[in-house]
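Undergrad: Dumping the structure here so I can ask a few things about it.
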Amino acid sequence: MSARTATATAGKRPAPPDTVGQGAHVDAAAASFAALTHKLDYLDESEIKRIREAYKYADAAHLGQFRASGEPYITHPIAVAGLCSEWKLDAQAIMAALMHDVMEDSGATKLDLAERFGAATAELVDGLTKLDKLQFSTREESQAESFRKMLLAMARDVRVVLIKLADRLHNMRTMGAMPSSKRGRIARETLDIYAPIAHRLGLNQVYRELQELSFEYLLPWRHAALNKAVQRARGYRRDLVNRIQTDVEKAFAESSLKIQIYGREKTLFSIYTKMREKHLSFAQVNDIFGFRIVVNTLPECYLALGVLHQLYKPMPGRFKDYIAIPKANGYQSLHTTLVSPLGTAVEFQIRTEAMHMVAEKGIAAHWLYKSSELAGAHEAQRAGTVSLQSLLDIQDETRDAAEFLEHVKVDLFPDAVYVFTPKSKILALPRGATPVDFAYAIHSDIGDHIVAAKVNGEQVALRTELRSGDVVEVITAPVSRPNPAWLSFVRTGRARSKIRHYLKNMKQDESLELGEKLLAQAMRGEGLQMPAGDETHGPATALWQALIRWSGNRNKRELLVDIGLGKKIATIVAKRLAKLLAESGTKPDALTLSMSRYLTDDSTPSQAMITLDGSEGGTVQMAPCCRPIPGDAIVGYLGRGEGLVVHTGECQVGKRLYQRDSERWIAVEWADELSRMFDTAVTVLVLNQKGVLAKVAQAVSEAEADITHIDMGHDPGQSTTELKLLLAVRDRVHLAQVLRTLKRSPLVLRVSRVKPQ
């Protein structure tokens, strides 16, 4: 290998002067193509020749760069390519692995790589480069965007993420030379982002090793202490493990069933996690050691299970059939826990060779064998793709980074329950999932229109937690819509993001309607009609474009939504629009101006009157401080980002807001015909006697009102107690009827409507 100069580019460092020549000599073997060649025997000669060219290109690009350990930088791409070759990835992926840093380090462009190595390889290298490029202002934003980029990369080509995982795994293996401050940050990112993605793809070997290395760097003292404890336990239990293995081999020899048996040891990180989550000491973790039985065919898995259950007694409730019901990432095995000769619990996993390959390599098993040799590999790839689809759906609908991270974290480590549709299709959902999660897992339209659900033939509440084996039937109605209350009990990120997406769009539509109404009324206050069309078509296109540039919005819809949400004041926008119209020669109409002044309330001269009938949706809210109902004198406050908030005219909170921000107040009035009932707060002082609550509820019902919420004071020793009720009434007249009915009850001492302090 040629000697390397001591220059470095961004992100790499030169070797110390006394190690340049020595490092080049010592690491010549690791930095040479020969270190990789023997791993590529599954490729043909022409492909290996192209990979050699990629190696030479990468070697030249990284000339003079050294890792923190003093090794030539090219050793890292070779190691990454070596890991990819263990998964038997194709030649394009191996070439991309060798050149994954060349665009950043040598100034090579995607076009250069496409001309020399083909468009597919250039696309992979470009995808890997983009994964590392962006910088973020906060750690949370960085994590969220890292997840987002990972999912987008998987949507384009899953090989990008496989190479990236190999890159991160080698970096973690060689992180000892880095400063401790960087080690902790990188280990945390690995545990939060890369390990879960490996788990999603079924790469269990990579997943376990990334967790273990992250644990070692994040909590070195605990890692060391657990390691010593496991070493001691290994010595204590060696005789037991050997005895169990001998017994198992003898039992299978007598049954003429050919098997391969492997010892399996729980990782330190999984031991630590179990101790922390279940508050156990190390001595209480009894499944540190286990065994894996590999057989030839699927029926032999169940025969092997029978042999084991004849040999040792199984523990009730500790058998899981992941062959009949595979995990979301394609994993298949039989799990059974048996009682050993010394009374300890020992777990056995039984699987075929094909299942073992999928269990260890996951989605990468697709490249390991051809379909004729390993049919299960394609099934694993399909299962892995399906398991990622819900995350990709969330990515499509959620643009806020923090919200996106919140959604995907729910779906990363699902402790699954398995439920059935009425047609016996199996669905895996996270523990704690409800019928609403089930409905959204089937289809978003079913989730949006769910009104009720049956579990095992009996109707249940939508917040009911599902259990494994439940048969769930969803009842829908075309008029039903997602309810904001569902967000408090749904468990899947898919359901949460779909509900929020719908509510956000619904609020935008309502805000658009309110904004249009507010701007039209403000324009009438200027003696003008709102111009027709928008910024793309209509006679006033240029006018709207000028107004949108002034407002900073992207289009007319966004501007009107901002007005409806109170982010922009309609009168200010109207004055600007009037100025633009005046510049184009349009003058105010005297009749429109005089009518507007006639309709406007003197106390709120900024805008004309808005009529409320109760059908406005979430954009118009009744202030919780005073809870206005029809018949009350009311005023409207355009809150910043919360739409129109309606207060009673005598509300002290509203008066303080008016003194502070008078330009945001508009005149509102009740419509003659109303579409719903309105909530108001009432306090009822009652004698503390048996059945008092039932009598109060009966009186409210007789007055044709509803109790939407009740708060009962806890004063068992007192002779009286105060009930705080939230009543749904039609108007002030109806409320007066309800109060009179309540006063007639002998147990009611005093009743009054709550007034804001």
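The values are calculated or read from the model by the stated rules, or taken from the named source; none is laboratory data. As the structure is a prediction and not an experimental result, all values here were calculated from the model. Heads up, the Cβs are rebuilt from the backbone with ideal geometry, glycines too, and the neighbour counts pull from every protein chain shown.
Undergrad: Hey, can you tell me all the residues within segment 469-489 that are surrounded by fewer than 23 Cβ atoms within 10 Å (Cβ to Cβ), modelled with pLDDT of 85 or more and β-branched (V, I, T)?
TA: Scanning segment 469-489 gives V471, V474, I475, T476.
Undergrad: Any idea which of S675, S745, S752 is within 18 Å of D632 (Cβ to Cβ), part of a loop (DSSP other than H, G, I, E, B) and polar (S, T, N, Q)?
TA: S675
Undergrad: Residue under question is L466, and the condition is that it be of a type in the set (A, V, I, L, M, F, W, C) and more than 30 Å from I325 (Cβ to Cβ); does it hold? Spell out how you get there, then give the answer.
TA: On the way: of a type in the set (A, V, I, L, M, F, W, C): yes; more than 30 Å from I325 (Cβ to Cβ): no.
Here the answer is no, as L466 does not meet what is asked.
Undergrad: Out of contact with any strand residue (DSSP E or B) (no Cβ under 9 Å at 6 or more places or on another chain) and at pLDDT below 85 - does that describe any residue in segment 294-313?
TA: No; the residues of segment 294-313 include none that is out of contact with any strand residue (DSSP E or B) (no Cβ under 9 Å at 6 or more places or on another chain) and at pLDDT below 85.
Undergrad: Working only within segment 628-681, note down all residues that are under 15 Å from L612 (Cβ atoms) and free of Cβ contacts under 8 Å to residues at least 12 places away in the same chain.
TA: D672
Undergrad: On to the next question. Is it fair to say K327 is basic (K, R), in the same structural domain as H356 (by TED's automatic domain parsing) and modelled with pLDDT under 85?
TA: On the way: basic (K, R): yes; in the same structural domain as H356 (by TED's automatic domain parsing): yes; modelled with pLDDT under 85: yes.
So K327 passes the test.
Undergrad: Being acidic (D, E) and more than 26 Å from the chain's Cα centre (by Cα) is the filter here, so list the residues in segment 474-517 that pass it. Show your work before the answer.
TA: Within segment 474-517, the subset acidic (D, E) is 509-510, 513, 516.
Within segment 474-517, E510, E513, E516 qualify.
Undergrad: Can you pull out the residues in segment 289-314 that are of a type in the set (S, T, Y) and either in a loop (DSSP other than H, G, I, E, B) or closer than 14 Å to E353 by Cα (or both)? Break it down stepwise before answering.
TA: So in segment 289-314, the residues of a type in the set (S, T, Y) come out as 297, 302, 312.
If the condition is that a residue be of a type in the set (S, T, Y) and either in a loop (DSSP other than H, G, I, E, B) or closer than 14 Å to E353 by Cα (or both), then T297, Y312 are the ones that fit.
Undergrad: When you look at T708, is it among the hydroxyl-bearing types (S, T, Y), surrounded by 15 or more Cβ atoms within 10 Å (Cβ to Cβ) and not in a helix (DSSP H, G or I), yes or no?
TA: On the way: among the hydroxyl-bearing types (S, T, Y): yes; surrounded by 15 or more Cβ atoms within 10 Å (Cβ to Cβ): no; not in a helix (DSSP H, G or I): yes.
Criteria not met by T708.
Undergrad: Restricting attention to segment 187-217, report how many residues are among the basic types (K, R) and under 21 Å from the mean Cα position of the chain (by Cα).
TA: Residues of segment 187-217 among the basic types (K, R): 188, 200, 208.
Those still in the list that are under 21 Å from the mean Cα position of the chain (by Cα) too: 188, 200.
Residues flagged as among the basic types (K, R) and under 21 Å from the mean Cα position of the chain (by Cα) within segment 187-217 amount to 2.
Undergrad: Do we have any residue at all in segment 737-748 that's touching a strand residue (DSSP E or B) at 6+ places or on another chain (Cβ under 9 Å), of a type in the set (D, E, K, R) and modelled with pLDDT under 90?
TA: Checked segment 737-748: no residue is touching a strand residue (DSSP E or B) at 6+ places or on another chain (Cβ under 9 Å), of a type in the set (D, E, K, R) and modelled with pLDDT under 90.
Yes or no, residue by residue, for (1) surrounded by 13 or more Cβ atoms within 10 Å (Cβ to Cβ); (2) part of a helix (DSSP H, G or I); (3) touching a His at 6+ places or on another chain (Cβ under 8 Å):
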residue: I186; (1), (2), (3): yes, yes, no
residue: E189; (1), (2), (3): yes, yes, no
residue: Y194; (1), (2), (3): yes, yes, no
residue: Y207; (1), (2), (3): yes, yes, yes
residue: K228; (1), (2), (3): no, yes, no
residue: V241; (1), (2), (3): yes, yes, no
residue: E249; (1), (2), (3): no, yes, no
residue: I261; (1), (2), (3): yes, no, no
residue: I271; (1), (2), (3): yes, yes, no
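Undergrad: Being over 40 Å from the mean Cα position of the chain (by Cα) and closer than 25 Å to F215 by Cα narrows it down to one of G290, G235, so name that one.
TA: Details: G290 fails: over 40 Å from the mean Cα position of the chain (by Cα).
Within the list G290, G235, the selection yields G235.
Undergrad: Of everything in segment 44-90 that's acidic (D, E) and more than 20 Å from L165 (Cα to Cα), which residue is surrounded by the fewest Cβ atoms within 10 Å (Cβ to Cβ)? Steps first, please.
TA: So the first thing to find is which residues in segment 44-90 are acidic (D, E), and the list is 44-45, 47, 53, 59, 71, 86, 90.
If we keep only those that are more than 20 Å from L165 (Cα to Cα) too, we end up with 44-45, 47, 53, 59, 71.
Values: D44: 9, E45: 6, E47: 16, E53: 13, D59: 22, E71: 21.
Here the answer is E45.
Undergrad: State the number of residues belonging to segment 83-136 that are outside any helix (DSSP H, G or I) and either within 23 Å of L210 (Cβ to Cβ) or modelled with pLDDT of 85 or more (or both).
TA: Step one: filter segment 83-136 for residues outside any helix (DSSP H, G or I), giving 87-90, 99-101, 107-109, 118, 134-136.
Filter once more, so that each one left must be either within 23 Å of L210 (Cβ to Cβ) or modelled with pLDDT of 85 or more (or both): 87-89, 99-101, 118, 134, 136.
Looking only at that region, the number is 9.
Undergrad: To continue, here is another question. Scan R664, R627 and give me the residue that is within 24 Å of K567 (Cα to Cα), at pLDDT 85 or above, surrounded by 14 or more Cβ atoms within 10 Å (Cβ to Cβ) and charged (D, E, K, R).
TA: Numbers: R664 fails: at pLDDT 85 or above.
It is R627.
Undergrad: Could you please tell me which pairs satisfy a Cβ distance under 9 Å, a separation of 6+ or placement on different chains, a first residue in segment 550-578 that is over 22 Å from Y637 (Cα atoms), and a second residue that is of a type in the set (K, R)?
TA: Hits for this filter: W550/R576; N553/K568.
Undergrad: Picking from V696, V653, V668, V684, which residue would you name as being more than 15 Å from I634 (Cα to Cα) and either in a helix (DSSP H, G or I) or under 42 Å from the mean Cα position of the chain (by Cα) (or both)?
TA: Numbers: V653 fails: more than 15 Å from I634 (Cα to Cα); V668 fails: more than 15 Å from I634 (Cα to Cα); V684 fails: either in a helix (DSSP H, G or I) or under 42 Å from the mean Cα position of the chain (by Cα) (or both).
Result of the check over V696, V653, V668, V684: V696.
Undergrad: Does R200 satisfy the criteria of being crowded, with 20+ Cβ neighbours inside 10 Å and charged (D, E, K, R)? Lay out the reasoning, then the answer.
TA: Values: crowded, with 20+ Cβ neighbours inside 10 Å: yes; charged (D, E, K, R): yes.
Taking the combined requirement at face value, the residue satisfies it.
Undergrad: Could you list, in sequence order, all residues of segment 295-306 that are surrounded by fewer than 19 Cβ atoms within 10 Å (Cβ to Cβ) and β-branched (V, I, T)?
TA: Listed by number, the list holds a single entry, T297.
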